[in-house]
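J.: Mind looking over this structure? Questions follow.
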Amino acid sequence: MREAQIPIYAGLTDELLEQAGLAYADPRQATARISQLRKKYDADSVRAAIELVTARAKARLKFPEISERFYGDVAGVEMASSWAVGKHKAKRFTGQARVWDLCCGIGGDMLSIKGVAGEVIGYEMDALRAWMCEKNTGCAVEVCDVIERQWVDGVFHLDPARRENDWGGKRMWHYEDLQPGPEFIERLVEKNRGGCIKLAPSVYAEDLPFECELEYVSERGRLVQGIAWVGELAECEKRATMVDGEEVHELCGGEESLIADYIGGESRYLYTVDPSVERAGLMNELAERTGLKVVHEKLGLLTGNATVSDPFIRGFELIETMGWKETRVKRWLAAHDGGLVEVKTRGKVVNPDTVQMRLRGKGETVYTVFILRKTKQIIAYITRRLGSI
Ligand SMILES: C[S@@+](CC[C@H](N)C(=O)[O-])C[C@H]1O[C@@H](n2cnc3c(N)ncnc32)[C@H](O)[C@@H]1O
């Protein structure tokens, strides 16, 4: 697939890429600049140059140090693991003599795995991405459909596509939608020593018909990956991981302890929790580690009477609790020097952007208002961020 495009990408000159970069940087001039380029270069080269500079711009956040020489198509970069997340995952492949990177795409994961394992070989059905991956990683990549090969007694990394077609399209979130799909994955798990399967963060343990450690990774506060570790690469049952550049924090859990044992209503301080923890089902482990309680099963908040610090939580002092009624909350804020207001909610109970504009007052005090559905009632917690008081 897409072999014909390899010589086009290989032939892109610095001058064309520079011109395409200018077109990308100034959308108002883009059409005029692209028409100019078409007079000098063939249409395929211009199209490829625009795709590459757009992909490089998208790669800036994921691969900051190498984005300017990175090869990718836009969907390939969007699907790639960032360098920081890739580095965290790669640690578990340390010392492996050989790793198969199945469905390696443009090499986001491979970039890190190659630094810790003896030999890393990529396998990718799209010839253009395979070529890009080789350029990015310096590793060998075979163009093939992984389903047609036998994979036995090895260690693998598998990142199935989660798009409705190979070059982009709608994102698919269910285990059954992965390509290659469940039958291939389950055979791979059964026949090999160990491996890692990158999944959407929406996949739950109940969806997976094999034993694994399920790790959820957030990057800069956003859930980005669910990862199933199998065989000798699995270490515990569940793990929540926060990645922010070089900074990585992890929380592991095993035997199910009941969240109900940790429910405690609201105390003086509320703590929001990184999304990886709730998704991994580790609220109770975090409550135990921090000495806090869970406010309510569905609210994703911890609470306690002491100020506690932990990388997975952000603290707020609870000042007032009331049933949610906009006029009532607004009145309270106005009577308490309310100025800028930050609204936090979940499950689309309100539109936080519009409500925080409407609650904003003329005072000096910055408040954070949580508007949440607690059982049948919608409640408002009026709080102030710890550290801002
Ligand atoms: C999610 S991307 C891989 C991203 C990669 N891990 C990274 O970090 O850059 C999935 C890739 O799998 C490839 N793919 C899908 N089905 C395949 C198959 N049956 N055999 C080989 N490659 C396949 C797609 O072309 C796509 O490039």
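Computed from the coordinates by the stated procedures, all read-outs in this text should not be read as laboratory data. What you see is a predicted model; the values in this text were computed from it and never measured. Don't worry about glycine lacking a Cβ; one is built from the backbone with ideal geometry, like all the others, and counts go over all protein chains shown.
J.: Once you've got the GNM for the chain with C-alpha springs shorter than 10 Å, pick whichever of Ala240, Ala287, Ala30 has the biggest mean-square fluctuation.
T.: With Cα springs under 10 Å in the chain, the top fluctuation among Ala240, Ala287, Ala30 is at Ala30.
J.: Over the chain, calculate the relative contact order: mean separation of alpha carbon pairs under 8 Å at least 6 apart, over the residue count, as a percent. Numbers along the way, then the final one.
T.: Values: 789 pairs, mean separation 31.9, N = 389.
Contact order relative to length: 8 percent.
J.: Separate question: Quick one: which residues, 5 or more positions from Leu233 or on another chain, have an amide H under 5 Å from its amide H? H modelled 1.01 Å from N in the peptide plane, none for Pro or chain starts.
T.: Gly195
J.: What do you get for the angle between helix 27-40 and the principal long axis of the chain? Use alpha-carbon atoms, 0 to 90 degrees, nearest ten.
T.: 0
J.: According to a simple spin-label model (label point 7 Å from Cα along Cα-to-Cβ), what is the distance in nm between His249 and Thr375?
T.: Placing both labels 7 Å along Cα→Cβ, they lie 3.2 nm apart.
J.: For a protection proxy built on the mean count of beta-carbon atoms within 10 angstrom, sort 175-182, 142-149 highest first, please.
T.: Values: 175-182: 16.6, 142-149: 13.5.
Result, highest mean Cβ count within 10 Å first: 175-182, 142-149.
J.: Taking amide H positions as placed 1.01 Å from N in the peptide plane, with prolines and chain starts having none, which residues 5 or more places from Val350, or on another chain, fall under 5 Å of its amide H?
T.: Close amide H contacts, sequence-distant or interchain: none at all.
J.: Show me, for segment 204-212, the HN-Hα J-couplings you get by feeding each phi into the Karplus relation (A = 6.51, B = -1.76, C = 1.60, θ = phi - 60°), rounded to Hz, glycine and proline as x.
T.: 10, 3, 4, 6, 9, x, 9, 6, 7
J.: Distance between the C-alpha centers of segment 179-207 and segment 325-365? Whole Å please.
T.: 44
J.: Shifting gears a bit: Pull out the extension gain between Glu342 and Arg98, defined as 0.36 nm times the separation in residues minus the alpha carbon to alpha carbon distance; nm, one decimal.
T.: On the way: separation 244, 0.36 × 244 = 87.84 nm, distance 4.98 nm.
Residue separation times 0.36 nm, minus the Cα-Cα distance, leaves 82.9 nm.
J.: When a/c reaches 1.5 or more, the comparison of a/b and b/c decides; with that in mind, is segment 77-253 rounded, prolate or oblate per its Cα gyration tensor? If you can, show how the numbers build up before the last one.
T.: Values: a/c = 1.20, a/b = 1.15, b/c = 1.04.
Verdict is rounded for segment 77-253.
J.: What's the local net charge at Ser67, with K and R +1, D and E -1, over the other residues with C-beta under 11 Å away?
T.: Numbers: positive: Arg56, Lys58, Arg60, Lys62, Arg69; negative: Glu65, Glu68.
Charge balance near Ser67 sits at +3.
J.: Quick check: net charge around Thr375, other residues with Cβ under 15 Å of its Cβ, Lys/Arg +1 and Asp/Glu -1? Numbers along the way, then the final one.
T.: On the way: positive: Lys298, Arg346, Arg373, Lys374, Lys376; negative: Glu266, Glu297.
Counting the neighbours of Thr375, the net charge comes to +3.
J.: Can you spot the lysines whose alpha carbon is less than 21 Å from Lys330's alpha carbon? Ignore those fewer than 8 places along the same chain.
T.: In chain and number order, the partners are Lys344, Lys348, Lys362, Lys374.
J.: Give me the distance in nm between label points sitting 7 Å out from Cα along the Cα-to-Cβ direction at Cys236 and Thr327, one decimal.
T.: Between Cys236 and Thr327, the label points sit 5.1 nm apart.
J.: Kindly write out, for segment 332-340 in residue order, the coupling ³J(HN,Hα) from the Karplus curve 6.51 cos²θ - 1.76 cosθ + 1.60 (θ = phi - 60°), rounded to whole Hz, with x marking Gly and Pro.
T.: Values per residue, Gly and Pro as x: 4, 5, 4, 6, 10, 6, x, x, 4 Hz.
J.: Evaluate the distance, in nm, between pseudo-label points positioned 7 Å from the Cα of Cys144 and of Val116 along their respective Cα→Cβ axes.
T.: Distance between the two pseudo-spin positions: 2.6 nm.
J.: Considering only DSSP beta bridges whose two residues both sit in segment 261-342, what percent are antiparallel, to the nearest 5?
T.: Details: 11 of 12 bridges.
Counting only bridges with both partners in segment 261-342, antiparallel ones make up about 90 percent.
J.: Here is a further query. In the chain, which Cys residues have no partner Cys with a Cβ closer than 4.7 Å?
T.: Cysteines of the chain left without a disulfide-compatible partner: Cys103, Cys104, Cys133, Cys139, Cys144, Cys196, Cys212.
J.: If a/c stays under 1.5 just call it rounded; otherwise compare a/b with b/c (prolate if a/b is bigger, oblate if not). Do that for segment 3-58, with a ≥ b ≥ c from the square roots of the Cα gyration tensor eigenvalues. Mind showing how you got there, number by number?
T.: On the way: a/c = 2.05, a/b = 1.36, b/c = 1.51.
It is oblate, given that a/c is not under 1.5 and a/b is not larger than b/c.
J.: Next up: If the reach is capped at under 22 angstrom between alpha carbons, list the lysines near Lys89, excluding any in the same chain fewer than eight residues apart.
T.: Answer for Lys89, where 22 Å is the Cα cut-off: Lys58, Lys62, Lys114, Lys135, Lys191, Lys198, Lys238, listed by chain and number.
J.: Now for a different question. Whole-Hz Karplus ³J(HN,Hα) for segment 106-120, in order, using 6.51 cos²θ - 1.76 cosθ + 1.60 and θ = phi - 60°, x for Gly and Pro?
T.: Per-residue couplings from phi come out as 8, x, x, 6, 4, 3, 8, 5, 5, x, 10, 10, x, 9, 10 Hz.
J.: Starting from the Kirkwood Rh over alpha-carbon pairs, what translational D in µm² s⁻¹ does segment 259-385 have by Stokes-Einstein at 25 °C and 0.890 mPa s? Mind dumping the intermediate values first?
T.: Values: Rh = 14.9 Å.
Answer from the Stokes-Einstein relation: 165 µm²/s.
J.: Next question, about the same structure. I need to check one value: relative contact order of segment 52-182, counting alpha carbon pairs closer than 8 Å and at least 6 residues apart, in percent.
T.: Details: 244 pairs, mean separation 25.8, N = 131.
The value is 20 percent.
J.: Turning to a different aspect of this structure: Tell me the net charge near Lys198. Cut-off is 11 Å between Cβ atoms, Lys198 excluded, with +1 for each Lys or Arg and -1 for each Asp or Glu.
T.: Working: positive: Lys89, Arg162; negative: Asp101, Asp109, Asp159, Glu215.
That sum, taken over residues with Cβ under 11 Å, equals -2.
J.: Rounded, prolate or oblate for the chain? Axes are the square roots of the Cα gyration tensor eigenvalues, ordered a ≥ b ≥ c, and the cut-off for rounded is a/c under 1.5. Walk me through the numbers on the way to the answer.
T.: On the way: a/c = 2.61, a/b = 1.43, b/c = 1.83.
Oblate is the answer for the chain, as a/c is 1.5 or above yet b/c matches or exceeds a/b.
J.: Expected output is a single nm value to one decimal: the length gained when fully extending between Arg47 and Arg268, i.e. 0.36 nm times separation in residues minus the C-alpha distance. What is it?
T.: Values: separation 221, 0.36 × 221 = 79.56 nm, distance 5.81 nm.
Here the answer is 73.8 nm.
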